[in-house]
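Notes follow the structure.
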Amino acid sequence: MVLVAAFVAASVHDLSLLPEMMVHGVVATVVAWLVAWGMVRPQDHLEAADRDGLTVVGVTWLVWLGLRLLAGGGVAGVWLVLAVFLLVAQGGWRWVYGYVKAQESLVPKPIQRRLDAQAARDAQEAQAGQAAKEAPGPDGEPPEAVTNPGLSG
């Protein structure tokens, strides 16, 4: 939020607004996350870009503008700039996260089934190989004695 506050203050050519905008931004973001968290079910994720993410961005924007009005400042010069920077800052990482999660699920289901079957087969073969190594030799000797006859006494 510090970066958004700095960009907004710079865009209206008044850096003296920066401390006030930073406080408003932090308060607005905390309120927005609490509102979004209260609106969603426990299994929902606030990192989703759709309903939850837009709720956070929208509530942050409204609370930030409200705090700006309560502090006696005008919103005419900052409302659009604030909306754009909030959408980029708070919404951008959600869209990137959604894109990455979508890329993880791009493997077609038949190929994924074959990959899963191959992984299960490899794991089963590894377990069988490990069990064969640990099995006692024909005379009941430990496997080391069978594989290394020079070690037996």
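The values are calculated or read from the model by the stated rules, or taken from the named source; none is laboratory data. In this text, all values refer to a predicted model and were calculated from it rather than measured experimentally. Note that we place each Cβ from the backbone using ideal geometry, even for glycine, and neighbour counts take in every protein chain shown. Keep in mind that these areas ignore ligands, DNA and RNA; they rest on the heavy atoms of the full protein, side chains included. Shrake-Rupley method; radii C 1.70, N 1.55, O 1.52, S 1.80 Å.
Structure notes:
- Spacing of the modelled spin labels on A76 and Q127, each 7 Å from Cα toward Cβ, amounts to 7.4 nm.
- Solvent exposure ordering (accessible area, 1.4 Å, most first) of R121, R68: R121, R68
- In the assembled protein chains, M39 presents an accessible area of approximately 120 Å² (probe radius 1.4 Å).
- Per-residue SASA entry for L86, accessible area with 1.4 Å probe, Å² rounded to 10: 0 Å²
- Counted residue by residue at 0.36 nm each, then reduced by the alpha carbon distance between them, the extension gain from W37 to V12 reaches 5.8 nm.
- Each Lys or Arg adds one and each Asp or Glu subtracts one; over the other residues with Cβ under 13 Å from the Cβ of R121, this totals -1.
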